[in-house]
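One structure is given here, and the rest of the page talks about it.
The values are calculated or read from the model by the stated rules, or taken from the named source; none is laboratory data. Quick caveat: nothing in here was measured; it's all calculated off a predicted structure. All Cβ positions, even for glycine, are placed from backbone atoms using ideal geometry, and neighbour counts span all protein chains on display. Calculation scope for accessible area: heavy atoms of the full protein, side chains included, ligands and nucleic acids excluded. Shrake-Rupley method; radii C 1.70, N 1.55, O 1.52, S 1.80 Å.
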Amino acid sequence: TSGGTGPSGDATTGSGSYVYFEATGLSEGDSSSLAFSQCFDVSTLTDPCLRFKYHMFGPSMGSLDVIVNGSIMGTISGDQGDLWRDFQVSLSGLSSANVFVEN
């Protein structure tokens with residue numbers, strides 16, 4: 001991993017696991033994606049939402065797109081500081097959800 005970027009540990013105890021994208025050496029316009037889920041049936045849930053923690057720290061931080069069923073449901077861009085933050089988006093009105101995160 002590159003220096004001067006985060007995180008130094010996971011969002012809970014600091015000694016758990018997390019997934020990260022390493023952007024050092026990428027060119028402008030390069031991207032990578034990670035499927036967080038297979039398709040979930042959310043039609044029977046009262047108030048379905050997608051919720052996760054993210055950490056975006058460093059001088060050359062790009063953007064993170066959250067894609068549900070092919071539509072961008074949120075974009076986070078730039079240096080967000082050396083801390084874990086919460087992301088949440090409602091999935092109400094969907095019968096199923098196939099979630100991807102792309103940077």
SASA check, Thr75, accessible area w/ 1.4 Å probe, all protein chains in place, rounded to nearest 10 Å², comes out at 80 Å²
What is the sum of charges around Asp86, taking Lys and Arg as +1, Asp and Glu as -1, for the other residues whose C-beta is under 9 Å from the C-beta of Asp86? +3
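Using a 1.4 Å probe on the protein heavy atoms, what percent of the accessible area of region 47-103 belongs to carbon and sulfur?
Values: 1480 of 3110 Å².
Taking all protein chains in place, region 47-103 shows 48 percent carbon and sulfur surface.
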